[in-house]
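Colleague: What follows is a single structure, and I will ask about it in a moment.
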Amino acid sequence: MLFVELIRKKRDGHELTREEIQAIVSGYTRNEFPDYQVSAFLMAALIRGLSRAETAALTEAMLHSGQVLDFSFLPGSKVDKHSTGGVGDKTSLILSPVVAAAGVYVPMISGRGLGHTGGTLDKLEAIPGFNVNVSLADFRRIMEKIGCAMIGQTGEIAPADKKLYALRDVTGTVESPYLICASIMSKKLAEGVDGLVLDVKTGSGAFMKERKDSEFLASLMVETGDLVGKKMVALITDMDQPLGRYIGNALEVEECVRIMRGEISGSEDLYELTLELAAWMLILGGRVSTVEEGRKLTADLIHSGKALEKFRQLVEIQGGDARVCDDLGRLPKAHHTEDILSPSDGYIASMNCERVGIAGVVLGGGRFLKEDKVDPAVGIVLHKKVRDEVRKGEPLCTVHYNSQDRFADARPILESAYQFASVRAIAGRPLVHNIIKGKSL
């Protein structure tokens, strides 16, 4: 089977068979096809789209390119959460320990930064010593011992997705809902979970800018999960401005630790979304029966210190320096900081969230090429967000950087992200726009 013929077939808008898609996935996994040919296929899939049958076949091929885990030996429900990615999107660092502290198992296999968005693995690796590259045997051991684990994809778990994920990041093919669905669902179904909460972002900082596109992707993933008997729910959540106040790997760990200490001020949106996502995870895990009950339990676990204690256990068992829970100064720190000042009086009318994310990547906090190294210390701390009042010369944000040249490149991008108005907007956008439930709910 000549790969170039399959590229042409997809390029011309024809539907590939299940066997053809399987051949592409298995061939690339075995290094039989070069990156440039697979890049051409990905671009054709992005432009032409995939049918539901093609999407299901791609998901299945990627899922079975490696092992499918079995956690049936654990005496309880297994639930995970996945986000389609955003700027300052760090809820996983709180959700995994808080839901595990409630008695629901959370086997979380996460990814790295993709495009202008951050990655959970990069954030975790900002904690000195934290090891995300654990074996499946250790993954099972950690799950059995503390009820949660946060790891990267091993060579055994959906290896096809691991290769395609890195390639999409640098070929302009991230945004395809069909590729996103196959990537997420192949990885998550391989975890052996009973239920999955999807956080599908919409807005200027999301891959899906329009709500209708986010809802299409969400329904695609929920339908895929339904087909294999998983409990599914998708929340369409806002990414028209960064989530929380901190952007950058070590900075985002700091913000999450502060919330788990009960320090909510300034991070109310991050806290509220965490409560909502955790509540749905607890519902799918059979721990609570209503969102209200789940939100209350989550808040209690945070403010009692039980979530932070579970996070401490997680960091320690995966080789990290658990002292960061008490001493945030142990996290990497940038050598320089500089404020970006408001050019006028007024109110923040809007923020181009994607530009903020791009500025973070330019500083060194993300990747332009899949081989790029990430600087865990750099990032941005926001002082003003949408609807906040500002005075001329007042700091909009503080940039943490290690390279003067990178800062010089990032500064105009960041400055252009803010739009101002003379009057405050009547209302902001809601955190949760819509909820799409699977057949089991």
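None of the figures in this text is laboratory data; all of them are computed from the coordinates on show. What you are looking at is a predicted structure, and each value in this text was computed from that prediction instead of being measured. Quick reminder, even Gly has a Cβ in these numbers, built from the backbone with ideal geometry, and neighbours come from all protein chains shown.
Colleague: Name the shape class, rounded, prolate or oblate, that the alpha-carbon gyration tensor gives for the stretch 287-441, where a ≥ b ≥ c are the square roots of its eigenvalues, rounded holds for a/c under 1.5, and otherwise prolate holds if a/b is larger than b/c and oblate otherwise.
Modeller: oblate
Colleague: So for Glu215, Glu389, fewest C-beta neighbours within 10 Å to most, what's the order?
Modeller: Sorted ascending by nearby Cβ count, the order is Glu389, Glu215.
Colleague: Looking only at Leu63, Leu431, Leu341, which one moves most when the chain is put into a Gaussian network model with springs between Cα atoms under 10 Å?
Modeller: Leu341
Colleague: Taking square-rooted eigenvalues a ≥ b ≥ c of the alpha carbon gyration tensor, is the stretch 332-421 rounded, prolate or oblate, where a/c under 1.5 means rounded and, failing that, a/b exceeding b/c means prolate?
Modeller: Judged from the Cα gyration tensor, the stretch 332-421 comes out prolate (a/c at least 1.5, a/b above b/c).
Colleague: Pop a pseudo-label 7 angstrom from the Cα along the beta-carbon direction at both Asp213 and Ser265 and give the gap in nm to one decimal.
Modeller: Label at Asp213, label at Ser265, 3.9 nm between them.
Colleague: Using the count of nearby Cβ atoms within 10 Å as a rough guide to exposure, how do Asp70, Asp240, Asp409, Asp169 rank from fewest to most?
Modeller: Asp70, Asp409, Asp240, Asp169
Colleague: Another one. Looking at the chain as a GNM with Cα springs under 10 Å, which of Phe33, Phe420, Phe73 has the largest mean-square fluctuation?
Modeller: Fluctuation is largest for Phe73.
Colleague: Return Glu144, Glu20, Glu125 ranked ascending by Cβ neighbour count within 10 Å, so the fewest neighbours appear first.
Modeller: Ranking Glu144, Glu20, Glu125 by Cβ neighbours within 10 Å, fewest first, gives Glu144, Glu20, Glu125.
Colleague: Between Tyr36 and Asp226, what FRET efficiency follows from the Cβ-Cβ distance if R0 is 51 Å, with the result rounded to 0.05?
Modeller: 0.90
Colleague: State, as an integer percentage, the relative contact order of the chain based on alpha-carbon contacts under 8 Å between residues 6 or more apart.
Modeller: About 19 percent, as a whole number.
Colleague: How far is it, in nm, from the label point at Leu2 to the one at Ile47 when both lie 7 Å from their Cα along the line to the Cβ?
Modeller: Output for this residue pair reads 2.0 nm.
Colleague: Oh, and also: For the chain, give me the percentage of DSSP beta bridges that are antiparallel, rounded to the nearest 5 percent.
Modeller: 55 percent
Colleague: Could you tell me whether the stretch 3-49 comes out rounded, prolate or oblate from its Cα gyration tensor? Rule is a ≥ b ≥ c as square roots of the eigenvalues, rounded for a/c under 1.5, then prolate if a/b exceeds b/c, otherwise oblate.
Modeller: Here the stretch 3-49 falls in the oblate category.
Colleague: Mean-square fluctuation check for the chain, GNM, Cα pairs under 10 Å: which of Gly428, Gly225, Gly379 is largest?
Modeller: In this elastic network of the chain, the residue with the biggest mean-square fluctuation among Gly428, Gly225, Gly379 is Gly428.
Colleague: Same structure again: Here are some pairs, Lys187/Lys373; Lys90/Lys163; Lys373/Lys439; Lys230/Lys310; Lys296/Lys384; which of them have Cα atoms lying more than 31 Å apart in this structure?
Modeller: Lys373/Lys439, as the Cα separations exceed 31 Å there.
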